[in-house]
Amino acid sequence: MSFTVAIVGRPNVGKSTLFNRLVGKKLALVDDTPGVTRDRRPGDARLMDLKFRIVDTAGLEEAAEETLQGRMRAQTEAAIDEADLTLFVVDAKMGLTPVDQALAEMLRRHGRPVVLVANKSEARGSDSGFYDAFTLGLGDPCPISAEHGQGMIDLRDAIVEAIGHERAFPPKDEVAVTDVVIPRPAEGAEDDEEEPVYDETKPLRVAIVGRPNAGKSTLINRFLGEDRLLTGPEAGITRDSISVDWAWRGRTIKMFDTAGMRRKARVIEKLEKLSVADGLRAIRFAETVVIVFDATIPFEKQDLQIVDLVVREGRAAVLAFNKWDMIDDRQAVLADLREKTDRLLPQARGIRAVPISGQTGEGLDRLMQAIVDTDKVWNKRVSTAKLNRWLEVQQVQHPPPAVSGRRIKLKYMTQVKARPPAFMISCTRSDALPESYVRYLINGLRADFAMPGVPIRIHFRSAENPFESKKRR
C-alpha cells in the first residue's frame, strides 16, 4: 500500500463503522456501547481508485497511564505516530465536546496531516455540529455518513489533497509482455505419483486462542518484541481478533490474537458473543491454532472444549502451557501435564505441547518449531500405493468384524485431500462398519505415517449394487 491512515476520535463517533466501510468487510466489532474497540486493527482500504492501509483505533479519553483507558490511549498515539495521515472523526449529531478540543490540540502537536471528518451528517439537526467543527482549526470538515456510505467521494478528494497526488497514486512499474511458452509434460509423468515437498517459505497463518487471562496478547507481544497489543491484569481485555505480521527465520507469519472464550452458559452480553464469534472466524481462517493453557490451572473443562472445537474444525493444533515461570517443581508438573494430555485428549493423540512463558520469553523458539512441524503434518500427502499396502497389512493384523454373519471387505484406499489429511476407502457395507474399527485405522495412520496431533478424516464408499432395486422373482 502507498500510505497508511489512522482513524482517531473520541468513543462512539463511528470510527469502526467507517473502518468497515473502507475495507468493504465487517472486520471490526460495532456496537452502540462506547469503547468497543481497544486494540489497533489494520486493514486494506479502497475508496474508489484510492488504495491505502487503514488502522482502526480505540476512542481517546483523558485517563491516567496505568488505567485501561490510559493504555488504550497509548496504543492510539502509537498508531498516529506510525501513520502518514490521520482521519479525525467527530460526531456532527452530538456536536463538539471538550474531549474533541483536547484531541485536536494533540493532533496538532503530532504534526501529521489531518482530515477532519464529520460523521453522522445525515441525521436531523446535524448542521450545528458540522459548523462547530470549523472551530477546531483543522481545515474544512468533510461531512459523511459511515453507516449509509454518503460523502465518500468528498472524503476521497480530501485524502488526496492532504496526502498529495504523487503519494496517493504512485507510478506503477511497467511489466514487459512476452510470449510465454508452457512446456508439455513428459510422457508418463501423470503416472508417477510423488508426495509433494513441504514449502518452507510460504506464509503461515496462526491463531492464538484460549480462556480469558491466559496470556495470549502478552505472548504475541513477546514474539513481536514490542507492546503491539493491549495487555493487563484485567480479564477479557481483547475483543477484536487482531492480526499482526512478523517474520520468524525468514518466514512470514500472520498471527491472530483472539478474545478469551468462556463457557457458553456464561456468555450473556451481546458484545462478548460478537467477540467469541470473531474468534471462531479467526480459527476457521487460520492454518495452525495455538491453544494457550494457564500452567497454574491447566485442563479446565473450557480448555478441553476449545481443543475439541479446533480439532472438529480440522485445524492443526498446538498446546502452549503459559506462565511456566510461576511453576516451582517443573519436572513433576511436566510429567503430570504429559499424562493428562494423553488421557484427556484422545481425539488429538500425539498433539505437541510446549511449556512457555510469555512474560520472560522462555520456550518461544520451541513453540514456533512445534507450529511449523505440525503444519508440515497437516499438509502431508501419502501416495496411493503406500496406503493400499498399509491397508492390506492392517486387515491381516486385525480383520474387519463380521456383522450379521457377513464379513466387511476393505478394497481400495486413497488420500482425497490434505489440510487436514482426509482418506477414502472403498468397501462393502460401509454403513455397518463399527466406529471402533475406524478409530483403529486412524490410530494406525498416525503411528505408521508420522501424523501426530492433527485431525484425520476417513470416508467410506460402497459400490452400488445394480440389482438392489429389482425384486426377487
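A few comments on the model shown:
- Any hit, region 418-431, residues being outside the structural domain of Ala316 (by TED's automatic domain parsing), part of a helix (DSSP H, G or I) and free of Cβ contacts under 8 Å to residues at least 60 places away in the same chain: yes
- For region 84-132, a residue qualifies if it is in contact with a Phe, Trp or Tyr (Cβ under 8 Å, 6 or more places away or on another chain), touching a residue at least 40 places away in the same chain (Cβ under 8 Å), not β-branched (Val, Ile, Thr) and not in a helix (DSSP H, G or I), and the qualifying residues are Asp84, Leu85, Ala92.
A quick yes/no check of all residues on (1) over 22 Å from Arg262 (Cα atoms); (2) outside the structural domain of Leu445 (by TED's automatic domain parsing); (3) of a type in the set (D, E, K, R):
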position	(1), (2), (3)
Thr296	no, yes, no
Leu304	no, yes, no
Arg312	no, yes, yes
Val333	yes, yes, no
Arg338	yes, yes, yes
Gln347	no, yes, no
Arg352	yes, yes, yes
Asp365	yes, yes, yes
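- Long-range neighbours under 9 Å by Cβ, at least six apart or interchain, first residue polar (S, T, N, Q) within region 13-30, second outside any loop (DSSP other than H, G, I, E, B): Ser16/Ile7; Ser16/Arg41; Ser16/Asp56; Thr17/Asn119; Asn20/Gly43; Asn20/Asp56
- Single unsatisfied condition, Ala265 versus (1) surrounded by fewer than 17 Cβ atoms within 10 Å (Cβ to Cβ); (2) part of a loop (DSSP other than H, G, I, E, B); (3) of a type in the set (A, V, I, L, M): (2)
- Of all residues in region 268-290 being closer than 24 Å to Val372 by Cβ, among the small types (Gly, Ala, Ser) and outside any loop (DSSP other than H, G, I, E, B), the one that is modelled with the lowest pLDDT: Gly279
The values are calculated or read from the model by the stated rules, or taken from the named source; none is laboratory data. Quick caveat: nothing in here was measured; it's all calculated off a predicted structure. Cβ coordinates were reconstructed from backbone atoms using ideal geometry, including for glycine residues, and neighbour counts include every protein chain displayed.
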